[in-house]
Amino acid sequence: MASVSSTVTGMGPDPARQSELSREDQTLLLFAGLMEGGKKDDETVSDLDRLTKVLNDDVEAVKKGETSICSLIDSDCADTLLSYLDMRQPDIVRGHATLTTSSYLKAAGDDGAQKLSEFFYDRVRRGTYDDYIVAFCVAAAVFPIVPELTAEMFLSEGFLASLGPLMRRKWKSRKVETACLDMLNVACMNAACREAVQKYCIEWLEEIVDQDPDDVVKDMFAANPDGDLGEGSISMRRHSRQVQNLAAVILAKLKATLPPQQPTKVEELSKSGSGRVELATTSIETLSKMFAGLLASSPDQGGSNAVEGLAYASLQPTVKEELAKDGALLKNLVKTLKSAQPRSPITYGTLSIFSNLTRYKPPRSEEQKRLGQLKAYANAAGKMADQEPDPLDDDEHVSARCQKVFAAGVTPVLVSHSKNGSAASLSLIIGVIHAISVTRSLSGQLAQQGAVRLLIDAWNALSSVDGTNSSADTTLARRTAAQALARILISVNPSLVFGGTRPTPMSAAIRPLASLLKRDGDDSHDLLPVFESLMALTNLASTDDDTRNGILRVAWTDIEEQVLSNNERVTRAAIELVCNLVQGPEGISMYADGSPAARNRLNILVALADADDRGTRNAAGGALASLLAFEGVVEGVLARDRGIQIILGLCSASESEDLRHRGAVSIYSMLMCDGETGKKAKAAIKAANGVAILTEGVKASRRAEVVEVTVCALKELLQGEQQLLQA
């Protein structure tokens, strides 16, 4: 590094002067500045940020054919940069050093990877406490940046096995232990590393968690009755609470994500001599209680560890049930989330806990169940019980947990965090609201607490996500948000939801709801969101013409497709929506403008008035009752084969009062049509035995409005003839 020093002697890293230097000189100058000691944190951060920019620019320069500056960065320079990742550095310095290291590894490629490996192995080989701390801190910091390279270093022969003796030393170093456990904690994001940690480290991790600090002190006094323990010896012979908490988090990750190992046996000396005793293990339930207690007693010091541990422990059904039963814990979690910074690990961890507690198992079709059985039979070691979901995760248990989470007051906090959260956090928030919305009795309260606006804003925000999530994840999150919105809007008064001092336009809900009507190209297309969307749109369409026109502009093509669905309930919901849409001028024009498309739609509507499903007939009859006030629609029905017979069929004495009412209104509207069309309608109705059918309908009806409109239709039909009406 002498070349750097000689080049920049007497020169400080002045930004103005640097801009006049070449990229090579800037690099040497910045590393010389970083090697100097005694700087203020903001000066160090400034140097790191400028070096990050130089390295990022170098990547673009190399693409243009220029020589990389990384050839100037020797092992001493790399050591200097990596040493700023030491946990003993201020947090702000470590954060900026992490960004600079990421840029360096990207720019330097294989050479940077080699220098990182050499740094790590050299420090571990030296074996001093200081070297261990730096090596472990560097590994923890770069694991998310270069996971494959770091995993290779982590899994190198003998490394994990050497950690047990280090952590079991009589004289403890809290910084070494903390750095080591931080590294193991981050490494557990990798599947191979998790398995290796379970194989080589789980015994001493159990020992750390199981240690009672008071017992350590008692043992020391028992060994030294005179009380001569030496200065500082108590704290140096026991693991700190922070170390115990970190070890517990790692254990929770292992136990929540890996199958349990067969109990191992270790040799220990006992009072009666040596023998083999089974190593005690800490259950995931015990760990979750430990984390819950830590969150309640030390939210400031241990909150991060408690949240991270609970996020993994709450993957287990038994733990979910215990957490949900603890109302005080749920309120502590809500409080923790409320005070957490946006886009922070605590925010994401707390949201993960709520997501785990409220997540429903996806429904399985009969075909999927049969495939699961076949897979179980095909696997010689498999058992059918392994294929069945845990009963604690059935819909009844999840619904109960959702209600308890909602009662803890989570919704307003989710609304607050949704405004500044990352795409990943937003997906978790959507999932929690979606799960709570399954309980229809909570829809009104969800709407009151801001869930409708949250879901609309989230759907719009995720439509412009720039790649922080994969496309599939983003699409799923948007669809989940739209479905939750539909569930809430099915059973609440839209005018109340979209009113208030800061109203959200009702039209803002149309596009998210309409997105559920589009097929996603999957043969296993789930029709429940489609059905719920149609129901919600029907509710919105009951309000005003502006909303109805908005639905027609955005979703009419998809609504028409759902009218012809093979699913009876979807068809019924689509026709109910059509019934509300034709209450406005634009909806009427879809059937009454005389075009071939309008005539085809009318033919389908008349056919559905003769469907087997009574609800479908009811909705189609309601739409016809509105449309037949227009001459063009009457002409269309007259031109259709059996059109009159189908509408008269609604008036039959064997039908319900609602159907008779719709049928009678439709017949009366046709009879009241002016000109030749009205004359043709009257003749066709008479020819179809209309008088007898309407007469029987009157006799069977008990509701005054049904009797009244049917009698009016009969009078109009018999006008000009000498015939008495007997009703």
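How many residues are farther than 21 Å from PRO144 by Cα and in a helix (DSSP H, G or I) if we restrict to segment 46-99? The qualifying residues number 17. Of note, SER365 does not satisfy the criterion of being modelled with pLDDT of 95 or more, out of contact with any Gly (no Cβ under 9 Å at 6 or more places or on another chain) and hydroxyl-bearing (Ser, Thr, Tyr). Inside segment 107-120, residues that are at pLDDT below 95 and farther than 30 Å from GLU66 by Cβ make up a count of 0. Does LEU442 count as assigned to a helix (DSSP H, G or I), buried (at least 17 other Cβ atoms within 10 Å of the Cβ) and of a type in the set (A, V, I, L, M)? Here the answer is yes, as LEU442 does meet what is asked. Would you check if ARG511 is assigned to a helix (DSSP H, G or I) and under 14 Å from ARG479 (Cα atoms)? Taking the combined requirement at face value, the residue satisfies it.
Applying a threshold of 7 Å to beta carbon distances and a minimum spacing of six or more residues, or different chains, the list of pairs starting in segment 281-297 at a residue that is over 22 Å from VAL334 (Cβ atoms) and ending at one that is basic (Lys, Arg) and part of a helix (DSSP H, G or I) reads ILE284/LYS255. Figure legend. Inter-residue proximity from segment 448-464: first residues touching a residue at least 12 places away in the same chain (Cβ under 8 Å), second residues among the basic types (Lys, Arg) and part of a helix (DSSP H, G or I), beta-carbon distance below 6 Å, spacing 6+ or different chains. Indicated pairs: TRP459/ARG478; LEU462/ARG478. The single condition from (1) surrounded by 22 or more Cβ atoms within 10 Å (Cβ to Cβ); (2) under 33 Å from the mean Cα position of the chain (by Cα); (3) among the hydroxyl-bearing types (Ser, Thr, Tyr) that SER102 fails is (1). GLY127 - would you say it is surrounded by fewer than 21 Cβ atoms within 10 Å (Cβ to Cβ), at pLDDT below 95 and within 36 Å of the chain's Cα centre (by Cα)? Taking the combined requirement at face value, the residue does not satisfy it. Considering each residue of segment 499-516 in turn, at least one proves to be out of contact with any Gly (no Cβ under 8 Å at 6 or more places or on another chain), modelled with pLDDT under 90 and polar (S, T, N, Q). Number of residues in segment 557-573 that are in contact with an Asp or Glu (Cβ under 9 Å, 6 or more places away or on another chain) and among the hydrophobic types (A, V, I, L, M, F, W, C) equals 1. As a summary of the residue check, VAL138 satisfies the conditions (1) under 21 Å from ASN190 (Cα atoms); (2) modelled with pLDDT under 95 except for the one numbered (2). The number of residues in segment 188-223 being among the aromatic types (Phe, Trp, Tyr) and at pLDDT below 90 comes to 1. Residue count for segment 163-192 satisfying the condition of being part of a helix (DSSP H, G or I), of a type in the set (Gly, Ala, Ser) and in contact with a Phe, Trp or Tyr (Cβ under 6 Å, 6 or more places away or on another chain): 3.
Results for (1) farther than 17 Å from GLU532 by Cα; (2) surrounded by fewer than 18 Cβ atoms within 10 Å (Cβ to Cβ); (3) aliphatic (A, V, I, L, M); (4) at pLDDT 95 or above, shown as yes or no for each residue.
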residue: LEU428; (1), (2), (3), (4): yes, no, yes, yes
residue: ILE433; (1), (2), (3), (4): no, no, yes, yes
residue: LEU454; (1), (2), (3), (4): yes, no, yes, yes
residue: SER463; (1), (2), (3), (4): yes, yes, no, no
residue: GLY467; (1), (2), (3), (4): yes, yes, no, no
residue: SER471; (1), (2), (3), (4): yes, yes, no, no
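Looking at GLU576, is it under 22 Å from VAL706 (Cβ atoms) and outside any helix (DSSP H, G or I)? It is false that GLU576 is under 22 Å from VAL706 (Cβ atoms) and outside any helix (DSSP H, G or I). Here is the figure for segment 638-669: residues that are more than 18 Å from VAL709 (Cβ to Cβ), part of a helix (DSSP H, G or I) and within 51 Å of the chain's Cα centre (by Cα) total 2. The set of residues from segment 588-612 being in a helix (DSSP H, G or I), under 15 Å from ILE575 (Cα atoms) and touching a residue at least 40 places away in the same chain (Cβ under 8 Å) comprises ILE588, TYR591, ARG601, ILE604, VAL606, LEU608.
Quick check: anything in segment 613-624 outside any helix (DSSP H, G or I) and either surrounded by fewer than 16 Cβ atoms within 10 Å (Cβ to Cβ) or in contact with a Cys (Cβ under 7 Å, 6 or more places away or on another chain) (or both)? Checking segment 613-624: at least one residue is outside any helix (DSSP H, G or I) and either surrounded by fewer than 16 Cβ atoms within 10 Å (Cβ to Cβ) or in contact with a Cys (Cβ under 7 Å, 6 or more places away or on another chain) (or both).
Condition first: within 14 Å of GLY450 (Cβ to Cβ), in a helix (DSSP H, G or I) and more than 22 Å from the chain's Cα centre (by Cα). Now tell me which residues in segment 480-508 satisfy that. Passing the criteria: LEU496, VAL497.
The values are calculated or read from the model by the stated rules, or taken from the named source; none is laboratory data. All values derive from a computational prediction rather than experimental measurement. Positions of Cβ are generated from backbone atoms using ideal geometry, with glycine treated the same way; all protein chains shown enter the neighbour counts.
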